[in-house]
Amino acid sequence: MVMEKVVRKRKETKKAALWDFKVVVKQRAERDGTVLEEYWLGDDDLEPDPGGPLPIEQPTGITTKPLSTTNQGDWIRMAFDLTSNDPLPDANYLRANLKMPSRIGS
């Protein structure tokens, strides 16, 4: 049931993003005096395909902002040895996979 809600939400988000994209493209076409449905590239705009995979430039240094002890999300990142660039773990995943110590006397 939860997964259905997540999938439905993602579809709604994608539809909204696509709609926003269409609005932006239409506004730019009107501004630039171009036809929305047609766009031509000249020979100078095209490059020949060399074939094979394209080289991907790897980052030389990734810097992350320091974690803050006043931010609750950063507390969780500290507990899981994550950086400020990492997303927080999903609460349902944590609930299902973490074993908490039992209470004394229970």
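The values are calculated or read from the model by the stated rules, or taken from the named source; none is laboratory data. Given the structure is predicted, the values throughout are model-derived calculations rather than measurements. Every residue, glycine as well, gets a Cβ built from its backbone with ideal geometry; the counts of neighbours run over all protein chains shown.
What the table shows:
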quantity: Evaluation of THR64 against (1) surrounded by 10 or more Cβ atoms within 10 Å (Cβ to Cβ); (2) modelled with pLDDT under 80 (one fails), failing number; calculated: (2)
quantity: Test: residue in the stretch 36-58 that is under 30 Å from VAL23 (Cβ atoms), touching a Lys or Arg at 6+ places or on another chain (Cβ under 7 Å) and of a type outside the set (D, E, K, R); calculated: yes
quantity: Subset of the stretch 19-61 (residues that are modelled with pLDDT of 80 or more and within 21 Å of the chain's Cα centre (by Cα)); calculated: ILE56, GLU57, GLN58, PRO59, GLY61
